[in-house]
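As C-alpha cells, the structure follows; a few thoughts come after it.
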C-alpha cells in the first residue's frame, strides 16, 4: 500500500520531477500550492506526512505548523527551507517538526527523509532479525567455549544487547529464540559459579565482587574529588543500558564495568557486603549487634551507614565527610531535591534508591502492576518511564551542576522465575524464594546448588547444622504445603537471591559532569 504524502509549496509545479520520482518509489504524493487549501485537504483525507515549504507568500511554513497540528496532531511534518539561520531551525524544531531539508532539494534527500520517518521502525526490525539470524549460530557455539568470568560477562552483555534491540521488534518468534539461548546460558553459568565461586573468595584471580567494589572503584574517585554514589537497588544490567541516556544528559560516562554479586544475591547479604567491604560472616563477627540472620527478627539493612563509616576508616578515608540517604518513597525523593544545598558540601553523598526493588515485589503483590509488567521487555519500559519522570533525575542534574562525580551501581539483579521446585524445611527455614537457609532441607539436587558448610562461602549460620541452597536458572523454591496456590502466586514474578546471569553480573558506571 502506497503512503500518502502532502507537499505544500507555492512553486509546487516546479517540483513535478521530484513528485514522479517519489511516486515511482511507492509514495502517493498530493501537491498543493498554499496552506489554506492544504488545511482543507487534511480535514478530508488522511496523510502520513507533509513536506512544507518554509518561505511562502501569505501563511508561511512556520505559521502553518500549529494550524496543521490542530487539524491532525499525528501528521508528521518535514520543513523544506533555503534558510540556514539558526533561529529559523530552532523555531521549526521547537514546533515539533520531524525533519528539515535545505534547498535546493535533491529527490534522494527527500526519499531518505521519508524512509527515516515513515519506515525506520520496519527497517530497524528487518535488519535486527537478519543480523540476529547471522549471529544465532555464533552465540550457540560460543557458549561451549566460555571459561573465565571475563568470558561470561562479555557473553552476557552480548545477549543483553540483543534483548534491548528486540524491544523494537514486533516478531516475538526471534525474541523467544533469544530467551531460549539465555536460559541455556544460565544453566551453564550455574555450573560455572559452582566450580569457581569458593576459589574466588580465597584466591587472587577473581572478579570485582560486592565486598571489594567500594575499595576498587569508589575509593579512587573519592580520593580525587567529591562523589555522588547512587546505589539503585535491584538494577539489572539491561535496565541500566535502557536508562543510561537519561543520566548522560547531564554527565559524560568515563567508564563502565561489571562486577559479580556475592551469594545470596539478596539485599541483606549483597548490599551490606558492599557497604561494609566484608563478607556476611565477617560482618556478623565484626558487628554482632547489627547482623540479623534470616530467621531472626530485626531490620536487616538498617546499619548500612555504620558499615560504610567503618569501611572508610579502614581504607584511610575517615577525613572525608559523608552523607547517607535512602529513598523509599517519592516524597523523600522530592525532599532531597529541595534540601540539596544542605548536602552539596559533603565529599561523599550516598543515595540508596529502592524503586526497582519495590516495583519487582509489586508485580507479585499488586494485580495492576502484574498486568503492566508481563515480561523483561515491559519491565525495562516501565523502568525507563519511571526514571524519566522521577525527581531523581533532577537530583542528578543538580549534583552535576555542583561538581559531583557520579558513581552508579546496584547490589544485585533479579530474574523472571518460571519453574517451581519443591523444598521441605522446618519452621526455622528462611522464606526467600530463590535461596533457603536452615537445618533440615530436602530438595531437588538438579535445581539448586547446596552448601553444606556455609563457612567456606563466608556465610553466617543460624545454628551449627545450617546449610544454604541457591536456586539455579529461573527456578523458584516452593513448599509442598499449599503447593498449587504457592506456585500460581509466584510463577512469572521477579525474584532474587539465587544464581543467574541477571542476578549476579551487574553494572558499575562512573560519570563526570558535562
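Counting every pair of alpha carbons in region 122-201, the share spaced more than 21 Å apart comes to 33 percent. Angle of helix 35-44 to the longest C-alpha principal axis of the chain, folded into 0 to 90 degrees and rounded to 10: 60°. P(r) tail for the chain: Cα pairs beyond 46 Å make up 27% of the total.
Please tell me the relative contact order of the chain in percent, rounded to the nearest whole number, where contacts are Cα pairs under 8 Å and at least six residues apart. After rounding, I find 17 percent.
Computed over region 416-496, relative contact order equals 43 percent, with contacts defined as Cα pairs under 8 Å that lie 6+ residues apart. Pair-distance distribution P(r) for region 286-416, from all Cα-Cα distances in 10 Å bins starting at 0: 10, 32, 34, 21, 3 percent. Sorting the segments 428-439, 199-210 by their residues' average number of neighbouring beta-carbon atoms within 10 angstrom, most packed first, yields 428-439, 199-210.
Relative to the longest principal axis of the Cα atoms of the chain, the long axis of helix 355-365 lies at roughly 80 degrees. In this calculation the C-beta distance from residue 313 to residue 63 is compared with R0 = 60 Å, giving a FRET efficiency of 0.35. Fully extending the segment from residue 71 to residue 295 would add 74.2 nm, taking 0.36 nm per residue of separation and subtracting the current Cα-Cα distance. Every helix of 4 or more DSSP H residues in the chain counts as -39500 (n - 2.57), and over all residues that averages to -13500 deg cm²/dmol at 222 nm. For region 416-496, what percent of Cα pairs sit more than 15 Å apart? Result for the distance tail: 53 percent.
For region 3-118, what D do you get in µm² per second when you plug the Kirkwood radius from alpha-carbon pairs into Stokes-Einstein at 20 °C and 1.002 mPa s? Result for D is 153 µm²/s.
State the antiparallel share, in %, of DSSP beta bridges confined to the chain, rounding to the nearest 5. Just about 40 percent of them are antiparallel. Summary of packing: across the peptides 137-149, 463-475, the per-residue average of other C-beta atoms within 10 Å ranks them, highest first, as 463-475, 137-149.
No value in this document is a laboratory result; all are computed from the given coordinates. Worth saying up front: this structure is predicted, and the values here are computed from it rather than measured. As a convention, Cβ positions derive from the backbone with ideal geometry for all residues, glycine included, and neighbour counts pool all protein chains shown.
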